[in-house]
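I have placed the structure first, in the form of structure tokens, so that the comments after it can refer back to it.
Where a number appears in this text, it was derived from the coordinates with a stated rule and is not lab data. Quick caveat: nothing in here was measured; it's all calculated off a predicted structure. Please note: Cβ atoms are built from the backbone with ideal geometry, for glycine as well, and neighbour counts cover all protein chains shown.
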Amino acid sequence: VDGDALFSSDQDLITKKTDIMKWVKPGRNSFLNFHRQAQEEIIDYFRGKGYVDVYYNPLRVRDFVKPDDLNQWSTFLSLRLIFDDFSNAVDDTFYSEARQFEAREMRLRNRYMRIDLDKDGVADKGEAINVTSGRLIRR
């Protein structure tokens with residue numbers, strides 16, 4: 001688990017949904033698989049946007065120097081994945097909660113991320129990604 005360098009943990013889930021651990025599937029003692037899936041989706045998001053390091057390699061987990069920037073996003077993404085997994089109908093409580101977590105996740109996705117693009121182990125000044133977008137109006 002330490003080698004995974006996950007962006008969120010079960011403790012983060014508990015701070016948002018205090019009774020979440022009662023929903024752990026039989027035979028498991030954590031939501032580790034959902035944290036890993038959330039991390040993969042976050043990395044895929046950046047890769048899908050075409051972000052690369054200075055050597056034009058796709059971004060990896062270790063390129064994110066301050067994973068705290070991604071903690072809240074990963075937490076709400078994990079919660080959404082968990083509640084989507086619980087849901088078995090469009091109008092059930094789990095589906096409704098999953099959509100609430102998804103809305104929060106989408107707001108958190110638009111943050112300024114510090115990334116080590118030149119592989120020196122430090123996010124130097126200027127090594128960041130601003131993932132927000134805006135409109136350009138031409139007159």
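Other residues within the sphere of radius under 12 Å centred on the Cβ of R47, judged by their own Cβ, net out at -3 (K and R +1, D and E -1).
Working from label points 7 Å from Cα in the Cα-to-Cβ sense, the R47 to N110 distance is 2.6 nm.
Electrostatic bookkeeping for D84 treats Lys and Arg as +1 and Asp and Glu as -1; over the other residues with beta carbon under 15 Å from its beta carbon, the sum is -2.
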